[in-house]
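Enquirer: Quick one: structure below, then a few questions.
Just so it is clear, none of the values below were taken in a lab; they were calculated from the coordinates. Everything quoted here is computed from the prediction, not taken from an experiment. Quick reminder, even Gly has a Cβ in these numbers, built from the backbone with ideal geometry, and neighbours come from all protein chains shown.
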């Protein structure tokens, strides 16, 4: 079973920030938080990952709480093309299999 | 272009037939993976390979065979296809270094009649 809990769906207006929460209360000290998304009919796309510090790249920002029990993926200016299922995954450095839960379906509308 | 490609993108076959799905990556990643995605189950790992000639089972390996004679290729074979193997199959690859993400292909949609 997935080690994470995400809301099943969220809506966001185009141009606004999309904040997607993830709960991972049983995370271990050596486990990372990864975010992927899957746009309809495509393969999962890697977005960002982190251990305990906040991370930012060209796609998104990842905010991890100090106790590491939850995190938030931020898409700063959502576009229609960001409509997808977003998966939060916890895995350790040596991990091989990514365990995908049901994710959050983000719908961006104009 | 560099990346990971899967072929064919779509395949229809009959029960009992053998079918091979191909996966090719140009990054020289040592790790490669096969997942299947079904409604209600999300993605599940079938097999993975840590390097050429090294393969290991994932969560749902029954009915599948893999080989890895070259680093860049990781074919998945259904030796005698069954209707329950109708699914979307995704291949992924990953650098051997820790803390690196898996990168996925666009998938093969397989229908078994």
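Enquirer: Where a ≥ b ≥ c are the square roots of the eigenvalues of the C-alpha gyration tensor, would you call the stretch B:53-113 rounded, which needs a/c under 1.5, or, failing that, prolate if a/b is larger than b/c, or oblate? List each step's numbers first, then the result.
Expert: Working: a/c = 2.19, a/b = 1.65, b/c = 1.33.
Cα axes put the stretch B:53-113 in the prolate bin.
Enquirer: Okay, moving on. Report the rotationally averaged projected area of the protein assembly as shown based on its alpha-carbon convex hull, in square nanometres. Before the final figure, lay out the partial values.
Expert: On the way: hull surface 49.3 nm².
About 12.3 nm², averaged over all directions.
Enquirer: Let me ask something else. What full-extension length gain, to one decimal in nm, is calculated for residue B:109 and residue B:41 as 0.36 nm per residue of separation minus the Cα-Cα distance?
Expert: Values: separation 68, 0.36 × 68 = 24.48 nm, distance 1.59 nm.
In short, 22.9 nm is gained.
Enquirer: Further question: Taking beta carbons within 10 Å but only from partner chains, what does the mean come to for residues A:41-51? Provide the component values of the computation, followed by the final result.
Expert: Working: counts 5, 5, 14, 11, 3, 6, 1, 1, 3, 1, 1.
Counting other chains' Cβ atoms within 10 Å and averaging over A:41-51 gives 5.
Enquirer: Using only the Cα atoms of chain B, what semi-axes does the equivalent ellipsoid have when each is the square root of 5 times a gyration tensor eigenvalue? Give whole Å, largest first.
Expert: Working: eigenvalues 103, 37, 36 Å².
Semi-axes from the Cα gyration tensor: 23, 14, 13 Å.
Enquirer: Roughly how many nanometres apart are two label points built 7 Å out from the Cα toward the Cβ at residue B:12 and residue A:41?
Expert: Each label point is offset 7 Å from its Cα along the Cβ direction, giving 1.6 nm.
Enquirer: If packing is taken as the average number of other Cβ atoms within 10 Å across a peptide's residues, how do A:23-35, B:26-38 rank, most packed first?
Expert: Result, highest mean first: B:26-38, A:23-35.
Enquirer: For the stretch A:19-58 and the stretch B:10-82, what is the centre-to-centre distance using only Cα atoms, to the nearest Å?
Expert: So the separation of the two Cα centres works out to 25 Å.
Enquirer: Ignore the peptide's own chain and count Cβ atoms of other chains within 10 Å of each Cβ in B:107-113; give me the average, rounded.
Expert: On the way: counts 5, 0, 1, 0, 0, 0, 0.
The per-residue average across the peptide is 1.
Enquirer: How would you classify the stretch A:8-91 from its alpha-carbon gyration tensor, with a ≥ b ≥ c the square roots of the eigenvalues: rounded for a/c under 1.5, else prolate if a/b is greater than b/c, otherwise oblate?
Expert: Working: a/c = 1.93, a/b = 1.59, b/c = 1.22.
Prolate shape, in that a/c is at least 1.5 and a/b is the bigger ratio.
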